Amino acid sequence: MSFIEFISQPWHWSISGAMIVLVMYLLIYFGQKFGVSSSFEAICSIGGAGRKIKYFNVDWRRQDWLLTFLVGSIIGGGIASTLLASPEPVTISEATVNDLLAIGVIVPQVEKTAGVGFIPLELFNFESLLTIKGIILMVGGGFLIGFGTRWAGGCTSGHAISGLANLQLPSLVAVIGFFIGGLIVTHFLLPIILSL
Amino acid sequence: MRLIRFLLIGVLFGIIMTKSEAISWFRIQEMFRFQSFHMYGIIGVAVVLGAVMIYFLKKNKSQNLIGDQITFTPKANTYKASIFGGTLFGLGWAMTGACPGPLYTLVGHGYLVILVIIASALIGTLVYGALRDKLPH
């Protein structure tokens, strides 16, 4: 097995977790911090939102490193999906497969034409933007991500990883919130949204 | 040139997000259904190793590249913002199956419809900025 084949397999969670800490260390060593959702603010500032809303009246150039990092992550996604693509779709637990099939989601490990298992292709596409469930999931979901992360002051990277690793109580409270929201959607709202 | 290093760290991050499968909507569903340890393992290892790293960086008064001592800014004690904002983000995370990092990575995979989610997140950010003074923090 070549090196490329070796790293093209899905990574064990312990390797993935350790690699995230490597990224966090590199960002800290180069004078920055690990937190992705601040980029939303920076992009709004670049777009000129600071002229109307004081919150965005900041020097976005201080975030140029973050925007560059994210351009890199897009390139990294491109590399990973081509040169380092896994031979098999994402394999999730049998219990989740059954739960998702029960609410009408096509699961790639069962239906090979449904993609590689990163997004549910039948739900997330441009045509489904014309459906109610598509609008709720993509437009509504996106809005909540922007509004929620800025209100909470961080997302998975800034609160759940950087914040918890630095023993920040506000981050623990935020992560509890992430789960309250996530559990409400997964167990109560998603079956309703998908039936629309 | 200063920015090149951040570009390269970003490339690494995009690869990690993909190979860890943290960008998978299906993995996030599995996490919120408590049916696999996978996502908890990733975040758990990152938090524990990260905590050890931060402990030693502080203890050794480590310096960054330009020779300044590494410091960590505490998160603001705005607990209402944490719980309300956090819950709203959690709703969005489970709907889209992606948090902000994976959203960008997924665009690199060629899923251009994700740009709609990012655009919507920017609108959410704008609305938060406009309403900020009226919201509890």
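Here are the numbers for the structure shown:
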| quantity | calculated |
| --- | --- |
| For the protein assembly as shown, calculated [θ]222 nm from helices alone, where every DSSP H run of n ≥ 4 adds -39500 (n - 2.57) | -18000 deg cm²/dmol |
| The protein assembly as shown - convex hull of alpha carbons, volume per residue in Å³ | 134 Å³ |
| Proximal lysines to A:LYS54, defined as alpha-carbon separation beneath 23 angstrom and excluding residues fewer than eight positions away on the same chain | B:LYS75, B:LYS80, B:LYS134 |
| Segment B:9-26 - phi-based ³J(HN,Hα) in whole Hz, Karplus 6.51/-1.76/1.60, Gly and Pro as x | 5, x, 4, 4, 4, x, 5, 4, 4, 6, 6, 6, 6, 5, 7, 8, 3, 5 |
| Those aspartates and glutamates that a straight Cα-Cα span of less than 19 Å connects to A:LYS33, excepting residues fewer than 8 apart in one chain | A:GLU41, A:ASP59, A:ASP64, B:ASP68 |
| Using a Förster distance of 22 Å, the FRET efficiency for B:TYR55-B:LEU8 (Cβ separation, nearest 0.05) | 0.25 |
| Projected label distance in nm at B:LEU131 and A:HIS12, using a 7 Å step from Cα toward the beta-carbon | 4.6 nm |
| Contact order normalised by residue count of chain A, Cα under 8 Å, 6+ apart, percent | 21 percent |
| Chain A - Kirkwood radius from inverse mean 1/r over Cα pairs (Å) | 19.5 Å |
| Percent of alpha-carbon pairs separated by more than 17 Å within segment A:103-196 | 61 percent |
| Whichever lysines have a C-alpha closer than 21 Å to that of A:LYS112, once near sequence neighbours (fewer than 8 apart) are set aside | B:LYS19 |
| Simple label model, 7 Å out from Cα along Cβ direction - A:LEU196 to A:GLU127, nm | 2.0 nm |
| Kyte-Doolittle mean at least -0.5 and Cα axial length at least 20 Å: DSSP H helices in chain A | A:13-29, A:64-82, A:169-184 |
| Among B:ALA94, B:ALA76, B:ALA22, residue whose mean-square fluctuation peaks in a GNM of chain B (springs only between Cα atoms under 10 Å) | B:ALA76 |
| Mean separation of Cα contacts under 8 Å, 6 or more apart, over the residue count of chain B: relative contact order % | 30 percent |
| Relative compactness, segment A:1-85, computed as alpha-carbon Rg over 2.2 N^0.38 Å | 1.41 |
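FYI, it's all coordinate maths here, none of it is from the lab. Since the model is a prediction, treat every value here as computed from it, not as a measurement. With ideal geometry, Cβ positions are generated from the backbone for all residues, glycine too; neighbour counts draw on all protein chains shown.
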